[in-house]
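To keep things clear, I will list the structure first and then write my remarks on it.
The values are calculated or read from the model by the stated rules, or taken from the named source; none is laboratory data. Quantities reported herein were computed from a predicted structural model and do not represent experimental measurements. Note that each Cβ is placed from the backbone with ideal geometry, even for glycine, and that neighbours are counted across all protein chains shown.
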Amino acid sequence: MNRLQHAGRPECRQHPQVYRPWGSYETLVLDGRFQVKRIIVTPGGELSLQMHHHRAEHWVVVSGTAEVTNGDVTRLYTENQSTYIPVGTRHRLKNPGVI
């Protein structure tokens, strides 16, 4: 651990898994220009409606079903499907459970 701290590794400054009322997330890669997170949303859980002024997002469903609000459109995505959320677009992620 001391070597990691001395090297300034981010693993020493942040918890690998963060828990929220809707589920949890884990930062897998944190680089100067991008970040990769694994987000787990419990069945029936949903993230708040969000909008970012300085970043776009690309979401890929790894397993299960995701209900994604992207601007004025809400649709379901299943395993191996993805969506792009442009800068300044209101968006939300929800796990509708088994459909």
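Table for the structure above
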{"read-out": "Selection status of Gln5, modelled with pLDDT of 90 or more, over 11 Å from the mean Cα position of the chain (by Cα) and farther than 22 Å from Ala56 by Cβ", "value": "no"}
{"read-out": "Enumeration of residues in the stretch 65-76 that are in a strand (DSSP E or B) and farther than 22 Å from Arg20 by Cα", "value": "Val73, Thr74, Arg75, Leu76"}
{"read-out": "Residues of the stretch 78-99 that turn out to be over 18 Å from Trp22 (Cα atoms) and part of a strand (DSSP E or B), as a count", "value": "5"}
{"read-out": "Residue within the stretch 42-64 that is over 22 Å from Gln17 (Cβ atoms) and either acidic (Asp, Glu) or outside any loop (DSSP other than H, G, I, E, B) (or both) present", "value": "no"}
{"read-out": "Complete set of residues in the stretch 13-44 that are more than 12 Å from the chain's Cα centre (by Cα), within 21 Å of Thr89 (Cα to Cα) and not aromatic (Phe, Trp, Tyr)", "value": "Arg33"}
{"read-out": "Residues (in contact (Cβ under 8 Å) with a residue 24 or more places away in the chain, outside any strand (DSSP E or B) and more than 24 Å from Val87 (Cβ to Cβ)) located in the stretch 15-41", "value": "Pro21"}
